Amino acid sequence: MPEPTGRSRRPRRYRPRPPARPGRGVGRRSAGVLAAVLALAVAGAACGGGSSRTGEAGDGPPGPRGRTVTLLTHDSFAVSPEVLRSFTEKSGIRVKVLRAGDAGSMVNQAVLTRERPLADALFGVDNTFLSRALDAGIFEPYRSPALARVPERFRLDPRHRVTPVDYGDVCVNADRRWFREHDLALPASLADLARPAYRDLLVVENPATSSPGLAFLLATVARFGGDRWLDWWERLRANGVKVVSGWEEAYSGEFSGSSGRGPRPLVVSYASSPTAEVTDDSTAPDETPTVALLSTCFRQIELAGVLEGARHPEAARELIDFLLSERFQADVPGRMYVYPVREGTPLPESFERYAPVPENPFTVSPARIGANREAWIEDWTRVMLR
């Protein structure tokens, strides 16, 4: 994960990586292998062992009342140590962070161990995998009183089995300098990307192995419809789009606007990515070297919930409340490069200046995603990787 964003500009030699969100990658594994791994994990927990992937943020002595709550999450979960300590000091609850790879693997683990859950609460399921988690019945309903400060548009489950925590937008990012040097206008829409003027300029991630890749696929479904989105991808393929496995390879290896200085000036990344590219030696200090094309964005919402059968459900509910607290929500942008859902939460200066929120991002309902996700990925693979 990137370092915290406390300033809007940095010297180039200290420039952090833009928000990779590697923990959100889809990551497909065979169910048999995963089940075997989980069986060993459960057996180890039963013998008093536990996972070796506990997060450092949750380490430390138990609170004054001696309670510990285990949070299952993805590898990109990040919180300032002092923020997490404030929860322990106030509640007496120590948080043990159990990291479970990418978001898809995390949900799979929770589903396969629902009879003997590995944790008390889960953070990081988003709208692209929510229906799988809800259909499997891994969460118990809990309506946090802090939801009063969260707009309705983020509340995806009327039964309150999950609670929204943060949101972000996957968008095409562009290298401003490249387009100026080549006297070419920035693409104004998804449709533009398939025009001959933008041939061989775009790199995207594979939706079968990458979360932003899947989000971008869903943006095209929302934009072109269930009967025409694949035609657009066929045109994009003919227009020289490059497909890579994940965000790191796309952004740091192929994108010309990153520190890697690759050959392609268009990449699928995040709306917040330009904040990490502003530098003290920029020739235009009031403008980011890269820009997110806000007409291409897909909205991702991350949620948390109390796991059904949790050993410490009351402590898990207190943790959910804390995730919506003023202090945690204010910590979210600088640590995880996403936006807080709590109304009135202050944003870092870099977000205020360089990461505007898209007014009309593309969305697809979790139910529709759940019913079609695998088929859409298979259709995309058949067309793009043949």
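The values are calculated or read from the model by the stated rules, or taken from the named source; none is laboratory data. Please read these numbers as outputs of a predicted model, since none were measured by experiment. Glycine gets a Cβ as well: all are built from the backbone with ideal geometry, and neighbour counts include every protein chain shown.
Of these, THR220, THR209, which one is assigned to a loop (DSSP other than H, G, I, E, B), out of contact with any strand residue (DSSP E or B) (no Cβ under 6 Å at 6 or more places or on another chain) and within 19 Å of ALA375 (Cα to Cα)?
Going through THR220, THR209 in turn, the sole match is THR209.
Could you give me the residue pairs with C-beta distances under 6 Å whose first residue belongs to the stretch 150-163 and is among the hydroxyl-bearing types (Ser, Thr, Tyr), whose second residue is assigned to a helix (DSSP H, G or I) wherever it lies, and which are 6+ apart or on separate chains?
From the stretch 150-163, the pairs are THR163/ILE320.
Test of understanding: among LEU347, LEU323, which residue is touching a residue at least 60 places away in the same chain (Cβ under 8 Å) and over 30 Å from GLY225 (Cα atoms)?
The match here is LEU323.
Being out of contact with any Leu (no Cβ under 8 Å at 6 or more places or on another chain) and either of a type outside the set (S, T, N, Q) or at pLDDT 95 or above (or both) is the requirement here; does THR88 meet it?
Yes; evaluated as a whole, the condition is true for this residue.
Report yes if ASP157 is within 20 Å of the chain's Cα centre (by Cα) and either buried (at least 20 other Cβ atoms within 10 Å of the Cβ) or assigned to a loop (DSSP other than H, G, I, E, B) (or both), otherwise no.
Here the answer is yes, as ASP157 does meet what is asked.
Does ARG235 satisfy the condition of being charged (D, E, K, R), over 30 Å from VAL97 (Cα atoms) and assigned to a helix (DSSP H, G or I)?
Yes: the conditions hold for ARG235.
Test VAL125 against the criterion of being crowded, with 19+ Cβ neighbours inside 10 Å and not in a loop (DSSP other than H, G, I, E, B), and give yes or no.
Yes: the conditions hold for VAL125.
In the stretch 352-386, what residues are within 18 Å of ARG153 (Cα to Cα) and of a type in the set (D, E, K, R)?
Matches in the stretch 352-386: GLU359, ARG368.
Which one of these does GLY253 not meet: (1) over 24 Å from GLU349 (Cα atoms); (2) surrounded by 24 or more Cβ atoms within 10 Å (Cβ to Cβ)?
Among (1) over 24 Å from GLU349 (Cα atoms); (2) surrounded by 24 or more Cβ atoms within 10 Å (Cβ to Cβ), the lone unmet condition for GLY253 is (2).
State yes or no: is VAL243 out of contact with any Gly (no Cβ under 6 Å at 6 or more places or on another chain), outside any helix (DSSP H, G or I), at pLDDT 95 or above and crowded, with 22+ Cβ neighbours inside 10 Å?
No.
Go through the stretch 75-114 and give me each residue that's touching a residue at least 60 places away in the same chain (Cβ under 8 Å), among the hydroxyl-bearing types (Ser, Thr, Tyr) and not in a loop (DSSP other than H, G, I, E, B).
The answer is SER86, SER91, SER105.
Among the listed residues GLU374, GLU349, identify the single one that is more than 17 Å from the chain's Cα centre (by Cα) and either outside the structural domain of GLY225 (by TED's automatic domain parsing) or crowded, with 22+ Cβ neighbours inside 10 Å (or both).
Exactly one of GLU374, GLU349 is more than 17 Å from the chain's Cα centre (by Cα) and either outside the structural domain of GLY225 (by TED's automatic domain parsing) or crowded, with 22+ Cβ neighbours inside 10 Å (or both), namely GLU349.
Can you go through LEU147, LEU134, LEU72 and tell me which one is modelled with pLDDT of 95 or more, under 20 Å from the mean Cα position of the chain (by Cα) and in a helix (DSSP H, G or I)?
None of the other options fit; the residue is LEU134.
Looking at the stretch 268-386, what helices (runs of 4 or more DSSP H) fall wholly within it and have at least 3 residues that are hydrophobic (A, V, I, L, M, F, W, C)?
It comes to 313-323, 326-336, 366-384.
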